[in-house]
Amino acid sequence: MQLEDMAEVLAIDALSFPTPMKENLLRYELVENELARYQVLETSLTTESMENVGKKRIVGFSGYWLMGDEVHISTIAVHPEFKGKHLGELLLLNLMFLAYKHPACLVTLEVRQSNITAQQLYAKYDFAVVGQRPRYYKDTGEDAVLMTAEPLNGRYHQFLVAQKNTLLRLYPHFKTEA
Ligand SMILES: CC(C)(COP(=O)(O)OP(=O)(O)OC[C@H]1O[C@@H](n2cnc3c(N)ncnc32)[C@H](O)[C@@H]1OP(=O)(O)O)[C@@H](O)C(=O)NCCC(=O)NCCS
């Protein structure tokens, strides 16, 4: 993710979460937070409501903080018009490969208790529920479910490669970190 991606990313974020991310927070993450890493997913897929058919555009993004040997997912979102096309999965897969590059021992995240879609996505990538953070989300007072993928061993890497090969059949031009 580059600074020039911010407008598109913030628009997707606003469509995806109850409380949109503030512009200055995202700027801080990109420019100042040395622990933060953010990616965008670009596509030349189009929907009817899009202008500039054929032009590449951002359809999703993800971010994480590198904290010692832990990768903590801070955000992940797909534009609502592109949900259900395995693009969230592509973002998560890429993030997991990045975790190996650092290298990290585990990947953690918090997810809203009501967000079953995201929890299913994480479960598909073998994240297990390891705890609960009561009233973690200040906007709605909702609890967070804490989920963890570990250990990031060779076996799990093989699983990721198999997932990648499956997704490459759908998206042959997809470029991952591994
Ligand atoms: C969560 C999110 C990123 C998933 O992205 P997506 O591109 O729609 O999901 P994918 O098509 O990649 O689906 C991958 C897996 O997620 C799960 N999933 C996706 N949509 C689902 C739905 N409507 N119901 C239940 N599970 C679902 C399934 O396990 C699916 O795998 P499968 O198709 O083999 O069953 C997307 O819904 C989103 O942006 N949500 C709003 C933001 C958000 O909640 N982010 C998570 C913050 S913790």
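The values are calculated or read from the model by the stated rules, or taken from the named source; none is laboratory data. Being a predicted model, the structure only gives us computed values, none of them experimental. Backbone-built Cβ (ideal geometry, glycine too); neighbour counts: all protein chains shown. Heads up: the accessible areas ignore ligands, DNA and RNA and are worked out on the full protein's heavy atoms, side chains in. Shrake-Rupley method; radii C 1.70, N 1.55, O 1.52, S 1.80 Å.
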request  = Quick one: in segment 48-72, of everything that is open to solvent by 30 Å² or more (accessible area, probe 1.4 Å) and in contact with a helix residue (DSSP H, G or I) (Cβ under 8 Å, 6 or more places away or on another chain), which residue is modelled with the lowest pLDDT?
outcome  = Ser49
key: Lone qualifier among Glu150, Glu177 - being closer than 28 Å to Pro20 by Cβ, away from the ligand (no atom under 16 Å from the Cβ) and open to solvent by 60 Å² or more (accessible area, probe 1.4 Å)   = Glu177
remark   = The residue that is farthest from the ligand (Cβ to nearest atom), considering only those in segment 74-92 that are under 19 Å from Leu146 (Cα atoms) and open to solvent by less than 10 Å² (accessible area, probe 1.4 Å), is Leu92
task = Mind listing whichever residues of segment 14-35 are in contact with a strand residue (DSSP E or B) (Cβ under 6 Å, 6 or more places away or on another chain) and surrounded by fewer than 18 Cβ atoms within 10 Å (Cβ to Cβ)?
result = Leu35
message = Looking at Leu160 and the list (1) outside any helix (DSSP H, G or I); (2) within 28 Å of Glu34 (Cβ to Cβ); (3) within 17 Å of the chain's Cα centre (by Cα), which single condition is not satisfied?
response = (1)
ask   = Hey, any hits in segment 128-141 for a residue that's under 30 Å from Ser44 (Cα atoms) and either touching a Phe, Trp or Tyr at 6+ places or on another chain (Cβ under 9 Å) or among the aliphatic types (A, V, I, L, M) (or both)?
value = no
ask   = Being open to solvent by 70 Å² or more (accessible area, probe 1.4 Å), over 27 Å from Lys175 (Cα atoms) and within 8 Å of the ligand (Cβ to nearest atom), is that true of even one residue in segment 110-127?
value = yes
